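Presented below is the structure to which this report refers.
The values are calculated or read from the model by the stated rules, or taken from the named source; none is laboratory data. Keep in mind the model is a prediction, meaning the values are calculated, not measured. Positions of Cβ are backbone-derived with ideal geometry, glycine not excepted, and every protein chain shown enters the neighbour counts. These accessible areas exclude ligands, DNA and RNA; they are computed on the full protein's heavy atoms, side chains included. Shrake-Rupley method; radii C 1.70, N 1.55, O 1.52, S 1.80 Å.
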Amino acid sequence: MRHYRPPVRQELCLNAAIDLTSGKVATFEAPEEIVRLYLGGRGLNMYYLARFLTDPQADPLGPQNVLIIGTGLLTGTLAPNSGRHNVTCKSPESGIIGDSNIGGFFGPEMRFAGFERLIITGRAPHPVYLYLEDGRIEVRDARPYWGLRTNETQLKLREDLGPDVEIECIGPAGEKLVRFAATRSGVKNAAGRCGTGAVWGSKNLKAIVARGTRALPAADPEGLLAKYLELRDYLRRSRVIQVLGRVGTPLLYDVSNYLGAIRTHNSQQNVFFDTLKAEEVHRYVEKMLGCYGCVVHCRHRNRLGGEGPEYTNEVLLGANLGIAQTQEVIALNNLVNDLGLDASSTGTYLAWAIELFEKGYLNEETAGRVLRFGDYEMTRQLIEDIAYRRGFGEVLAEGSRLVERFGPETADFLIAVKGLPQSDPHDVRYLKAFALGIATSSRGADHLRSRPTLEILDLPGDLTAQIYGQPVDPNPTSYRTKAVVVHFSETIYAVIDSLGLCKFVCHGFNSPHNLKYDHFQELIKLATGLEFTKEELVAVGRRVVDLERYLNHRFRGVDRKDDTLPGRYFDEPMPQGRAKGSRIEREAFGRMLDEYYALRGWTPEGLLPATRIAELERQLALTPDVAPPHQATLRAACAAPAAARGGVGGVRKS
């Protein structure tokens, strides 16, 4: 009997530059030198954003903005949890870098279809979707799908194209250019942060559909398979991963509520009801699911027709809005996902609006209704109004820009940094490293850039010294050495985002164990043949963070003044629970910033030194604008099929 061997791709990193206005595409490979500097995923996306977005003052919702969908160096390989990719642009929500990391199956399928990265500019004359298949890119009419919510969009596309495609799309919120719209793939997976979905909508891009049959080359296929099996068993022994696989991220609600560190009523309170505990949420779970290559399976298929809620969603759409009924919170989670909204921003802006109402900045006439905490029906209606820009929803759809409308003093109780609402449900007044992390995060108040979860685990000093390379103060309320913790976390997360792996298997994110730099070295060598030292990988992480700082300064002059926190965190002590009385002291916070900048090699004002800027700009000059010989129309094949290689196959679609 003959066995089918799929054709094996030859390129390490093939990019497609697509101009939707002119209908032109150019393909080019990333030089190995650039891959070694930035790996892929988040890192290479930032590199190409800096390279292609030539006007730093470009309107984020204009055709000049650059939209990049990029897979990691290990996305779609046999590396554990390798299902992730990044969506990158200039953010219409914050005006600085917009970057969101998304899981599921679309990223691997995009690689199987022949592409590591799509660099999209311009604006199509009418709604379109991109169709990728085995080295071809086609632009197709999306008008039949325009106006559909994300679940129906994907169902209709599969009805028309077949069940074996993977899809990333926007819903009504993206089409209506809500500044915190998300993209969606599957029922729950989202590039949620920074308004990336609005950028898709501004380009009339409804969806990207991928169908691929090409195997990824593997330098050592047998070795890679053996390493996967070894790491799978290693990760499954982790107690944290075992619990995540049973109840998902709501387990973190239990811990945070015990500490009294749950964002409640727009952070006016910090303890909430047990109705959102992990076991209560689990009563509504049909089964647990995983992304591509996942060994964790933290995703809930809920009994109300959706997936989730994650810890972030249950707090931001539950406790933060005063909504305690488990079923109502799950219903809001499903609604936000289907409409294509960012749950973190949606929940934060709604809570802020309610407090604006309480303080007299809004009234029943200007808001179109009474705004109150704990009102499920009001919340549900307002979420729909935001997505469709109806009534007061049209106002809230503008997001953090509303500070200019309501007055600068209202920024003190908008829980946001650099124009991006805080995604972490923790009230960081108690957790000082968390506070420093969201203040310095490159995309705004976001925990996935640097969240030092180990701070709440009370680990022994010898173990933390081993993790961080020096002793750190284990007290989460201390300001001492917290910059060390944030610097370490931020660097390794930049690396794992550039590899296309999930943070749930990353050393330091939820566990002191899991995948470390030496595991990354082994996986990269087995999958690609490239060899890195630990020091070189650390340098990649630092380089990515520095390039993001470089871009943010170009876009909006970001410096020390922007690495701060909402006034509430400085001025109002936490009122309840074990964390009662906690707040951030301004002078101590300033000392943490000083220490952080020193570790990063930045100036006391939070700027890159001139030598580092010159180094980054030399690297940007290594890539030409486009490769003219490969230009073609979008409807034509954008790359000749890669020749199949004999011998043992690479990693194939499963």
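Tabulated results
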quantity	calculated
Residues (more than 30 Å from residue 236 (Cβ to Cβ) and in contact with a Lys or Arg (Cβ under 8 Å, 6 or more places away or on another chain)) located in region 269-315	270
Hey, residue 363 open to solvent by less than 10 Å² (accessible area, probe 1.4 Å), more than 30 Å from residue 77 (Cβ to Cβ) and at pLDDT 95 or above or not	no
Leading residue by the ranking (farthest from residue 354 (Cα to Cα)) among those in region 250-279 that are touching a strand residue (DSSP E or B) at 6+ places or on another chain (Cβ under 9 Å) and not in a helix (DSSP H, G or I)	250
Odd one out for residue 347, checked against (1) among the small types (Gly, Ala, Ser); (2) in a helix (DSSP H, G or I); (3) farther than 12 Å from residue 423 by Cβ	(3)
For residue 2: the one exception among (1) modelled with pLDDT of 95 or more; (2) over 22 Å from the mean Cα position of the chain (by Cα); (3) basic (Lys, Arg)	(1)
Region 18-76: number of residues that are more than 25 Å from residue 180 (Cβ to Cβ) and of a type in the set (Phe, Trp, Tyr)	3
Flag for residue 173 being under 28 Å from residue 422 (Cβ atoms), at pLDDT 95 or above, outside any strand (DSSP E or B) and touching a Leu at 6+ places or on another chain (Cβ under 6 Å)	yes
Residue list for region 493-533, restricted to those being free of Cβ contacts under 8 Å to residues at least 60 places away in the same chain and over 21 Å from residue 249 (Cα atoms)	516, 517, 518, 520, 521, 531, 533
Selection within region 95-139 - β-branched (Val, Ile, Thr) and in a strand (DSSP E or B)	97, 102, 119, 120, 121, 128, 137, 139
Odd one out for residue 188, checked against (1) crowded, with 23+ Cβ neighbours inside 10 Å; (2) in contact with a Pro (Cβ under 8 Å, 6 or more places away or on another chain); (3) of a type in the set (Lys, Arg)	(2)
Options 211, 149, 140; residue that is of a type in the set (Lys, Arg), at negative phi and open to solvent by less than 40 Å² (accessible area, probe 1.4 Å)	211
Residue count for region 468-509, restricted to those that are modelled with pLDDT of 95 or more, in a loop (DSSP other than H, G, I, E, B) and under 17 Å from residue 82 (Cβ atoms)	3
Selected residue (criterion: nearest to residue 424 (Cα to Cα)) from residues of region 240-291 that are open to solvent by 50 Å² or more (accessible area, probe 1.4 Å) and free of Cβ contacts under 8 Å to residues at least 24 places away in the same chain	274
Spans of helices (runs of 4 or more DSSP H) in region 386-447 with at least 2 residues under 21 Å from residue 95 (Cα atoms) and in contact (Cβ under 8 Å) with a residue 60 or more places away in the chain	432-440
Residue satisfying all of: in region 601-625; open to solvent by 50 Å² or more (accessible area, probe 1.4 Å) and not in a helix (DSSP H, G or I); modelled with the lowest pLDDT among these	625
Output for region 369-393, where each listed residue is surrounded by 18 or more Cβ atoms within 10 Å (Cβ to Cβ), of a type in the set (Gly, Ala, Ser) and over 17 Å from residue 331 (Cβ atoms)	393
Matching entry among 640, 632 (being modelled with pLDDT under 95 and exposed (fewer than 15 other Cβ atoms within 10 Å of the Cβ))	640
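Results for (1) farther than 16 Å from residue 529 by Cα; (2) free of Cβ contacts under 8 Å to residues at least 60 places away in the same chain; (3) open to solvent by less than 10 Å² (accessible area, probe 1.4 Å), shown as yes or no for each residue.
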| site | (1), (2), (3) |
| --- | --- |
| 26 | yes, no, yes |
| 29 | yes, yes, no |
| 51 | yes, no, no |
| 65 | yes, no, yes |
| 71 | yes, no, yes |
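Okay, residues lined up against (1) open to solvent by less than 10 Å² (accessible area, probe 1.4 Å); (2) out of contact with any Lys or Arg (no Cβ under 9 Å at 6 or more places or on another chain):
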{"residue": "537", "(1), (2)": "yes, yes"}
{"residue": "542", "(1), (2)": "no, no"}
{"residue": "552", "(1), (2)": "yes, no"}
{"residue": "571", "(1), (2)": "no, no"}
{"residue": "582", "(1), (2)": "no, no"}
{"residue": "588", "(1), (2)": "yes, no"}
{"residue": "599", "(1), (2)": "no, yes"}
